[in-house]
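Have a look at the structure below before the remarks.
The values are calculated or read from the model by the stated rules, or taken from the named source; none is laboratory data. The structure presented is a predicted model; accordingly, all values stated were derived computationally and were not measured. Glycine gets a Cβ as well: all are built from the backbone with ideal geometry, and neighbour counts include every protein chain shown.
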Amino acid sequence: MEIPKKIYFKLRPLILPINDILSFIPEKANILDLGCGKGLLLRHLNYFKTYTGVDLNIPIKSDSINVSFVKSDCVKYLDRKLSHFDTFLLIDLLHHIKPSEQFFFVNKLLNVMKKDDILIIKDIHPKNIFTKFWNSFHDLIVSKQIINYFDFYNLEKNLPEKTIILKKHHKRIFLYDHYFLIIKIN
Ligand SMILES: C[S@@+](CC[C@H](N)C(=O)[O-])C[C@H]1O[C@@H](n2cnc3c(N)ncnc32)[C@H](O)[C@@H]1O
């Protein structure tokens, strides 16, 4: 059974560090939010130029000309022209992607990004066995999926030369270990 949108919008901010995410988004950004879910982040955004949310499940419509939602697989979406975006968000998307596709996906995205573009990755990065177990259990119940934790360490070690890491940031809320990696194209 799917969680009703109203309840989801109340509960998810209790475990998601939304203000931290917002603090990394530049003003007047042209945002591509890959794996946007129910569009929670959009509800909290104040100063942006355009917003496009992409997800396999899109229960949202937009009447605004600077906001759009696209039903698509994120990996396939990268084959489109993306040059009008400058801020890319991967918020709790990567652990839903097959391990064999995770690095291909992030590298493909980094390759199409232009100078000064920013990539904000926020994913679950369990620091110990309890939080790891809890997060896996959470997703099994909520998404009915066995998740694949993203190997941040490997990405950080193998980033393309044209990138710089602006910030790494860890925050625990209850039993949720959130890890941020903010990357800029040099
Ligand atoms: C944990 S939710 C995060 C939603 C949103 N980013 C947020 O923070 O509220 C993960 C989302 O990724 C979407 N998703 C998973 N795999 C995907 C894929 N291959 N392409 C597009 N969306 C995907 C799911 O449908 C789900 O809405």
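Within the range 71-96, being within 7 Å of the ligand (Cβ to nearest atom), assigned to a loop (DSSP other than H, G, I, E, B) and not acidic (Asp, Glu) holds for Ser72, Leu93. If you check Gly37, Gly53 for being under 15 Å from the mean Cα position of the chain (by Cα) and on the phi > 0 side of the Ramachandran plot, only one passes: Gly37.
Can you tell me which residue is farthest from Gly39 (Cα to Cα) among those in the range 121-135 that are in a helix (DSSP H, G or I) and of a type in the set (S, T, N, Q)?
Step one: filter the range 121-135 for residues in a helix (DSSP H, G or I), giving 129-135.
Next, only the ones that are of a type in the set (S, T, N, Q) stay: 131, 135.
Values: Thr131: 26, Asn135: 21 Å.
Among them, the one singled out is Thr131.
Scanning the range 109-120 for residues that are exposed (fewer than 14 other Cβ atoms within 10 Å of the Cβ) and either within 12 Å of the ligand (Cβ to nearest atom) or part of a helix (DSSP H, G or I) (or both) yields a count of 1.
When residues in the range 45-69 are screened for being surrounded by 14 or more Cβ atoms within 10 Å (Cβ to Cβ) and within 10 Å of the ligand (Cβ to nearest atom), 4 of them pass. Among all residue pairs at least 6 apart or on different chains, which show Cβ distances below 6 Å where the first residue, located in the range 31-55, is assigned to a loop (DSSP other than H, G, I, E, B) and the second is modelled with pLDDT under 95 and within 10 Å of the ligand (Cβ to nearest atom)? What qualifies is Lys38/Tyr8. Where residues in the range 151-186 are among the β-branched types (Val, Ile, Thr) and under 16 Å from Asp116 (Cα atoms), which of them is surrounded by the most Cβ atoms within 10 Å (Cβ to Cβ)? Here the residue is Ile183.
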